[in-house]
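Quick notes on the structure that follows.
The values are calculated or read from the model by the stated rules, or taken from the named source; none is laboratory data. Only a predicted model underlies this, so the values are computations on that prediction, with no experimental measurement involved. FYI the Cβ positions are ideal-geometry reconstructions off the backbone, even for glycines, and counts take in every protein chain you see.
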Amino acid sequence: MRDGEFTDIYKKLVPQLDKFFHVCLKSKGYSGDYKGIKRDLISLTGHDAFLNSRKESLSGYSIESLIWIKAHNIWSSFINPKGNKLQEVEQLEAEQDDKPDALYRILVDEQLKLIKQRVGPEAWRIIELKADGLPYKEIAQTLDKEEGKIKMQMHRLRKRLEKESLRFL
């Protein structure tokens, strides 16, 4: 998979995508919230391009090409709302604080993969159970351990990961 490479390229292209959508909006006489709509168009571009970058059939395209192709597709859907992209943009604008953008989701996924690599399978299981909202008592029962040991292990994991500049829970 090209996830890490995608993130690096996408981060570098965000300012160019911002300028692209700004020029497009200005040329069409858009009079709404430029900042908000550009953010939503960039987010949709990132999300859709990321999904396309994972498709085997598109592996021959460079990631930068996939991002720009998707940016043009998103813009076309925005100005010619035959499909539902305009509705998606409006919905994203309405829910902008409820949902992180595509880049944020990618970064979180990468960080979780890194954490999983750094901790053992038993520690990862504890993290998963805690992330699912289970109290320490239930985690201890599930893993057939004492509650105090689970709490101590979580404390040590947090300290270790903070020391390594990784954060969770």
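Data for the structure
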{"item": "Looking only at region 122-169, and only at residues there that are aromatic (Phe, Trp, Tyr) and under 21 Å from Glu110 (Cβ atoms), the one that is modelled with the lowest pLDDT", "result": "Phe168"}
{"item": "Lone qualifier among Gly36, Gly29 - being part of a helix (DSSP H, G or I), among the small types (Gly, Ala, Ser) and either over 16 Å from Ser77 (Cα atoms) or not assigned by TED's automatic domain parsing to the domain that holds Ser62 (or both)", "result": "Gly36"}
{"item": "Filter result (hydroxyl-bearing (Ser, Thr, Tyr) and surrounded by 14 or more Cβ atoms within 10 Å (Cβ to Cβ)) within region 1-50", "result": "Thr7, Tyr10, Tyr30, Tyr34, Ser43, Thr45"}
{"item": "Top-ranked residue in region 68-105 [being touching a Lys or Arg at 6+ places or on another chain (Cβ under 8 Å) and assigned to a helix (DSSP H, G or I); ranked as modelled with the lowest pLDDT]", "result": "Leu92"}
{"item": "Scope region 129-161; condition within 27 Å of the chain's Cα centre (by Cα), surrounded by 13 or more Cβ atoms within 10 Å (Cβ to Cβ) and part of a helix (DSSP H, G or I); matching residues", "result": "Leu129, Lys130, Met154, Leu157, Arg158, Arg160, Leu161"}
{"item": "Leading residue by the ranking (surrounded by the most Cβ atoms within 10 Å (Cβ to Cβ)) among those in region 57-67 that are touching a Ser or Thr at 6+ places or on another chain (Cβ under 9 Å) and either at pLDDT 90 or above or assigned to a helix (DSSP H, G or I) (or both)", "result": "Ile67"}
